[in-house]
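Read through the structure below, which is laid out as structure tokens, and then see the notes.
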Amino acid sequence: MWAEQEMGNIDLGDRRRTIRLCEFLNKASQNFQASVSQLSKDQHTRKAYYRLIENPKLDKNIVLEEHIKAVQLRAKEHDTVLCIQDTTELDYSTKSSIKGLGRLNYEARQGMYLHPTLMITPEGVPLGITDMWSWARKAKDEPDIKESLRWKEGYERVCELAEDNPETHYVYIADREGDLHDIIELAEQKQCPADYLIRAKHSRLLQDGSKLFDITKAENILGQIEFTVSSGRGKPSRKATQTIYSKRVQLKSGFWVTIIIAKENNPPKGSTAVIWRLLSNRIVNELDEASQLIDWYRQRWQIEILFNILKTGCLIEERQFNSIDKLEKLFLLYLLISYRILLVTMLSRELPDSSCEILFDREEWHVAYKLYYEKKPPTKPPKLKQMVSIIAQLGGHMGRKGDGDPGVKTIWRGLMQVQTSLHMVNILTKINRVC
């Protein structure tokens, strides 16, 4: 099972805790919307799971570091990896019994903030979680931590990973919240081994007196790119053409950055022009180089999908413990499970012809095959794309030619149906053995 591959060697002071952790992760990944009580087959198991989560030996930092070891091994297999960082809020306003919650966007809403880093390949295959910051804000009239630190520390963490794995190129990616001068300064002064790629928020003052966003002039044009704008908000997908501007500039502070501006030409009536302003420490001279950075930044949406899985799929905001310390452990455990679900979705697109057994146990794909086709499964495992399509259709995906690849929602619904059926098969098998 996948949990043993990720956590089988973790040292929690007692081998039984390691076994229990792997058991919990496997059970939770099979029924990720279930509560801790629902995952337990009896009262003894329920108490054991709660004791595990409440035990100080189950330190979230130790669990994360063990997972990172596996992530780094996967990273070694790639020339380049993208480390995407973002923040999401977790609303526990209806869970008044949880001690230590803080305000969200206003005092009446109570909860926490979660700020992980997701590592993926440039093609979009998730490799794992490499960082997790979580906190509860204090009241407005109380001194609090400087939240912008999470972005700088996130970049520092990616640089540490890059130092440990010098054969792989690491790229740190952040949205506008990560547009901090501290990161620009850190990258140049300390010659950090990881590049940064950040969506610019501030049109900073340059040494020559101009502004950062003022580079959209003919002499800075590298060329044009075409891409498809995804459907959303009631609008269909459409083709878009952007003119790419790029220039290496010196900020008023003396530090050098590359600014890339991708500006859509003639958007359709009623549509907002797509404009990206990206900052990087990398030197860009050619259209292909700029286009590559834009493609990498466009992968940032994957962390939004991860948050959607965590909240809507794993129902993390429905979890309830009496303190945020215990909640934070669940944040990490269910982030790992969410990563696993995202992996199923994306790997089937990048490695469609691989054997489905790179992700699914034989028992799992046998049950999925029987549920869908209502006949005996083949001896040879189906291809990964076929199996994920089967699972997604069990979850409600239509599977028609024009429907495109299944999304995470139909995949997680199908996975739950497969795991429920597999559980029933195992129970019936045990009953038959007794009889």
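The values are calculated or read from the model by the stated rules, or taken from the named source; none is laboratory data. Fair warning: this is a prediction, and the values are worked out from it, not measured in the lab. Here the Cβ positions follow ideal geometry from the backbone for every residue, glycine too, while neighbour counts run over all protein chains shown.
Condition check for residue 92 on (1) hydroxyl-bearing (Ser, Thr, Tyr); (2) more than 15 Å from residue 331 (Cα to Cα); (3) crowded, with 19+ Cβ neighbours inside 10 Å: one failure, at (2).
Filter region 411-435 down to the residues that are among the hydroxyl-bearing types (Ser, Thr, Tyr) and either in contact with a Phe, Trp or Tyr (Cβ under 8 Å, 6 or more places away or on another chain) or within 20 Å of residue 357 (Cα to Cα) (or both) and list them by number. Step through it out loud before you land on a result.
Let us first name the residues in region 411-435 that are among the hydroxyl-bearing types (Ser, Thr, Tyr), namely 420-421, 429.
Passing the criteria: 420, 421.
In region 96-109 there is no residue that is closer than 23 Å to residue 312 by Cβ, β-branched (Val, Ile, Thr) and outside any loop (DSSP other than H, G, I, E, B).
Kindly state which helices (runs of 4 or more DSSP H) lie completely within region 285-385 and contain at least 2 residues that are of a type in the set (A, V, I, L, M) and either more than 30 Å from residue 219 (Cα to Cα) or modelled with pLDDT under 95 (or both). So that I can check it myself, show each step before the final result.
On the way: elements: 287-298, 301-308, 324-350, 362-373.
Fully inside region 285-385 and qualifying: 301-308, 324-350, 362-373.
Counting the residues of region 347-368 that are crowded, with 22+ Cβ neighbours inside 10 Å and within 17 Å of residue 395 (Cα to Cα) gives 5.
Across region 382-425, which residue is nearest to residue 348 (Cα to Cα) among those that are polar (S, T, N, Q) and in contact (Cβ under 8 Å) with a residue 60 or more places away in the chain? Talk me through it step by step, then tell me what you get.
We begin by selecting, within region 382-425, every residue polar (S, T, N, Q); these are 386, 389, 393, 410, 417, 419-421.
Subsequent filtering for residues that are in contact (Cβ under 8 Å) with a residue 60 or more places away in the chain retains 419-420.
On the way: 419: 19, 420: 22 Å.
Within region 382-425, the match that is nearest to residue 348 (Cα to Cα) is 419.
Just to be sure before I move on: is residue 52 surrounded by 12 or more Cβ atoms within 10 Å (Cβ to Cβ), farther than 16 Å from residue 336 by Cα and touching an Asp or Glu at 6+ places or on another chain (Cβ under 8 Å) in the structure I sent? Here the answer is no, as residue 52 does not meet what is asked.
Here is a yes/no grid of residues against (1) of a type in the set (Asp, Glu); (2) within 30 Å of the chain's Cα centre (by Cα); (3) modelled with pLDDT under 95; (4) farther than 16 Å from residue 294 by Cβ:
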site	(1), (2), (3), (4)
181	no, yes, no, yes
206	no, no, no, yes
217	no, no, yes, yes
228	no, yes, yes, no
234	no, yes, yes, yes
247	no, no, no, no
254	no, no, no, yes
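Mind checking which residues of region 73-109 are under 27 Å from residue 298 (Cα atoms), among the acidic types (Asp, Glu) and in contact (Cβ under 8 Å) with a residue 60 or more places away in the chain? Once the filter is applied, which keeps residues that are under 27 Å from residue 298 (Cα atoms), among the acidic types (Asp, Glu) and in contact (Cβ under 8 Å) with a residue 60 or more places away in the chain, region 73-109 yields 79, 86.
Restricting attention to region 399-426, and to residues there that are out of contact with any Leu (no Cβ under 8 Å at 6 or more places or on another chain), over 18 Å from residue 343 (Cα atoms) and of a type outside the set (A, V, I, L, M, F, W, C), which single residue is surrounded by the most Cβ atoms within 10 Å (Cβ to Cβ)?
Let us first name the residues in region 399-426 that are out of contact with any Leu (no Cβ under 8 Å at 6 or more places or on another chain), namely 399-407, 409-412, 415-416, 419-420, 422-426.
Next, only the ones that are over 18 Å from residue 343 (Cα atoms) stay: 399-403, 420, 422-426.
From what is left, the residues that are of a type outside the set (A, V, I, L, M, F, W, C) are 399-403, 420, 423, 426.
Details: 399: 13, 400: 7, 401: 6, 402: 5, 403: 11, 420: 13, 423: 15, 426: 12.
Selected residue: 423.
When region 280-305 is filtered for residues that are surrounded by 15 or more Cβ atoms within 10 Å (Cβ to Cβ) and of a type in the set (A, V, I, L, M), the ones remaining, listed by number, are 284, 287, 290, 293, 294, 303, 305.
Out of all the residues in region 18-25, is one or more of a type in the set (Lys, Arg), closer than 30 Å to residue 362 by Cβ and buried (at least 19 other Cβ atoms within 10 Å of the Cβ)?
In the first step, residues of region 18-25 are kept if they are of a type in the set (Lys, Arg); the result is 20.
Narrowing further to those that are closer than 30 Å to residue 362 by Cβ: 20.
Remaining after also requiring buried (at least 19 other Cβ atoms within 10 Å of the Cβ): 20.
Within region 18-25 (the criterion being of a type in the set (Lys, Arg), closer than 30 Å to residue 362 by Cβ and buried (at least 19 other Cβ atoms within 10 Å of the Cβ)), the answer is yes, since at least one residue qualifies.
Say we look at region 240-265 and pick out the residues that are among the aromatic types (Phe, Trp, Tyr) and assigned to a strand (DSSP E or B); which of these is surrounded by the most Cβ atoms within 10 Å (Cβ to Cβ)? Don't jump to the end; show me each part of the working.
As a first pass, look at region 240-265 and keep what is among the aromatic types (Phe, Trp, Tyr): 245, 255-256.
Adding the requirement that they be assigned to a strand (DSSP E or B) leaves 245, 256.
On the way: 245: 22, 256: 14.
Looking at residues that are among the aromatic types (Phe, Trp, Tyr) and assigned to a strand (DSSP E or B), I get 245.
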